[in-house]
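Have a look at the structure below before the remarks.
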Amino acid sequence: MSAVTGAVRGAVTGPGPATAAVPAPGAGRRVAAAPDGGGGVEIRGLVKAFGATRAVDGIDISVPEGSFFALLGPSGCGKTTTLRMVAGLEEPTAGAIHIGGRDVAGTRPYQRPTNTVFQNYALFPHMTIFENVAFGLRRRKVGDVRRQVMEMLELVELTHLAQRKPAQLSGGQQQRIAVVRALVNRPKVLLLDEPLGALDLKLRRQMQLELKRIQTEVGITFIHVTHDQEEAMTMADTIAVMNLGRVEQLGAPVELYENPRTAFVAGFLGQSNLLAARVVARHGDVVELSAEGNRILMPAARLSVPGPDVEVGVRPEKVHLGDLGVAEEGWNRIDGTVVDASFIGVSTQYLVRTRQDEELTVFTQNLSTHLRRVGEQVTLSWRPEHTFGLETGAWERATAAETAS
Amino acid sequence: MSVAAAGVGISSVERTGGPDGPVRGAGPDSAGPVGSRRLTPYFLLLPALLALVVFYVLPTLTLASTSLQTGDLQQGYSITWHWATYGDVLTQYWPQFLRSFAYAAAATLFALLIAYPLAYTIARRAGRWRNVLLALVVAPFFTSFLIRTLAWRQILADQGWVVSIMKSTGLMSVTDWLGLTSGRLLATPVAVVLGLTYNFLPFMTLPLYTSLEKIDPALLQASGDLYANAWQGFWRVTWPLSLPGVVGGTLLTFIPAAGDFVNQQFLGSVSETMTGNVIDSLALTQRDYPSAAAMSLVLMVAIVVLVTVYVRRSGTDELV
């Protein structure tokens, strides 16, 4: 394995950050191609129209070299189409894709420094595992096929299955073979199209860790398409949340979760409580709002719209549930009545109805055995810095996104 | 045809692991209904087995016994274990056997060359026209086999447009020089092979279509992603995965074509007959039933041997 890793890393250390290698628009392709860039991917104004519908509607993404990047979104959001355009399986209607600083417009899939792991693996059923992995090497007439294939099979600990046919392997094993069949060609970017979609939940968890390990080991860029928010959060360094052909928000998993900038992200990644509110005043970095007559404070940077009418949100696990009238000084607070309590083991999930008949979800860790009963009056409170602000109508959109996730 | 039917029966049994395959899964715990359950597959096989006995086994045995009889129509026939009939028909009619297999092989090859691109197009490129095209492939069956073959007589006739085009373009002189034609198309091997090719084309097309249609298009995309050009993608992925269809289609074409006599009778020359014509004439004109029976059995055995060698060679059981 070390040889492969070395070779790939060698390529990585070459031309420095990928973004620096991206030529100005209009620069000739030859010139751009000259410094054989790494595995950074730059997508600018990418559009793909199928007839009247725009599957991808103008997206800009910059994937740093060597990162694990996830395109996350519900089915039909354009994530797979985007990936297929990077792979060269689909022609963009407009926009540009640069891989390693090189414009790849008009090039065939095999001319790009990418390889793809297909959705249902697309292993060749009539060939042995060895021949499947060797396929790319043989087509390129590369020497030393046997050693390279066996190294790759070692990477996923499947050397003993080299002479089997794909149908004789389990789903997880086929998945790993699909990954190394692509990796053996030493792409600068590995494209994964819902690679874990066909696996059951337990195996999916296991493969998430395995894929992450492989990515760390070979050190190349992975672009991973998925509709599973947990999968994206577990593996990716950066996630682009897509909806209706556009990128809703791009950032690290923690950033997306803690500070969603759109209703869609708030609903698609985890759960959110959202309340209609109105901006009352701004005190420097702090915005003061009024929601249902309660005074809500939040950092100005976490309010994504100017207002005055907005919706304020907070994640269920950030909310503290206390006796009526009891809350930390300086925290945002709302009174309500417990209408439902479900004990889940690690946590208890409460549904609290406010005086304005809004329902808020609260997750509490089961630190004490004291459970709130239905009908009990309580005060909900949370830190101002856990509050985020979105456009009005966010609740409906977030609920729709939650259903889609 | 019966040979092909028997062959298909064998391969399907092999795949499902025998008729008692599913019963094993039930395990010994379900002791009560096991007896009847174990018999269920055989009950289901019964109609097919009966048909096979009545329409295949018994006629074949009758044929075998007839081939060993001597006598004539007036005196009646009796079994005399006269094996010499086999030697006689082989020495007398070996050119007809050879011609049958050569014509059938040529027709099979041409049918494959025509049907493969056709089936590929229907399976891969036809889009919403797929069903219309499939219906067109089967459409000739709505007219009788005889009428369609007779129609070819008209098309290939000496005064027909095909011959006049061939003559005016000079193509006829080339085929004449090659010995394929003799100033005309009718009554030549070309016409017979053409008729066979035409008549059995749907039997080649449909199995090919079925196996091509089953190939996941993502496999070709994957081969493209893994540096295979269009030709390599075809040769390394599509072709091997379509082999079951190729084997099925060639068997369904070759076997009936080798035994056919209608195409030769309508389109061929009297001097270049096939096995089928000889059997036809022996049984219905000369009333030499033992020789006709011996010919039939020889043809059948020869086909079984050829098919067995072919299927073994093509190694389709290794696929999937």
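Annotations for the structure displayed:
- Remark on B:G160: its backbone amide H falls under 5 Å from none of the residues 5 or more positions apart or on other chains, H modelled at 1.01 Å from N.
- Counting every other Cβ atom within 10 Å of each residue's Cβ, B:F142, B:F254, A:F69 order from fewest to most as B:F142, A:F69, B:F254.
- Farthest toward the positive end of the dipole of the protein assembly as shown, out of B:F254, B:A302, B:I165, is the Cα of B:I165, where the dipole comes from beta carbon charges about the Cα centre.
- Here the spin labels are modelled as points 7 Å beyond Cα on the Cα-Cβ line, and at B:E213 and A:L209 they lie 4.5 nm apart.
- The calculated Kirkwood hydrodynamic radius for the range A:126-281 is 17.7 Å, given to one decimal from all distinct C-alpha pairs.
- Nearest-ten-degree value, helix A:129-139 long axis tilted from longest Cα axis of chain A: 70
- Kyte-Doolittle mean at least 1.6, axial Cα span of 20 Å or more - DSSP H helices of chain B: none
- Reduced Cα scattering model of chain B, Debye log10 I(q)/I(0), q = 0.06, 0.09 Å⁻¹: -0.29, -0.64
- Debye log10 I(q)/I(0) at q = 0.06 Å⁻¹ for chain A, Cα point scatterers: -0.31
- Trypsin sites (Lys or Arg not before Pro), loop per DSSP, at most 14 other Cβ atoms within 10 Å - longest free stretch of chain A: A:142-354
- Listed pairs A:K79/A:K188; A:K165/A:K212; A:K212/B:K214; A:K48/A:K202; A:K141/B:K214 exceeding 28 Å between Cα atoms: A:K212/B:K214; A:K48/A:K202; A:K141/B:K214
- Amide H partners (placed H, <5 Å) of A:L192, local residues excluded: A:V117, A:I223, A:H224, A:V225
- For chain A, the longest principal axis of the C-alpha atoms and the axis of helix A:394-404 are separated by about 40°.
- Label zone at A:A300 (point 7 Å along Cα-to-Cβ), backbone N below 12 Å, the range A:263-294: A:281-288
- Computed magnitude of the charge dipole of the range A:271-390 (debye, nearest 20; Cβ of K, R +1, Cβ of D, E -1): 100
- With semi-axes defined as the square roots of five times the eigenvalues of the C-alpha gyration tensor, the equivalent ellipsoid of the protein assembly as shown measures 72, 33, 24 Å, largest first.
- Rounded to whole Å, sorted largest first: equivalent-ellipsoid semi-axes of the range A:271-390, Cα gyration tensor: 26, 13, 13
- Put simply, the amide H of A:R282, placed in the peptide plane, has neighbours under 5 Å in A:E288, leaving out anything fewer than 5 places away on its chain.
The numbers here are math on the coordinates, done by the rules we state, and not lab data. In this text, all values refer to a predicted model and were calculated from it rather than measured experimentally. Virtual Cβ from ideal backbone geometry, glycine too; neighbours counted across all protein chains shown.
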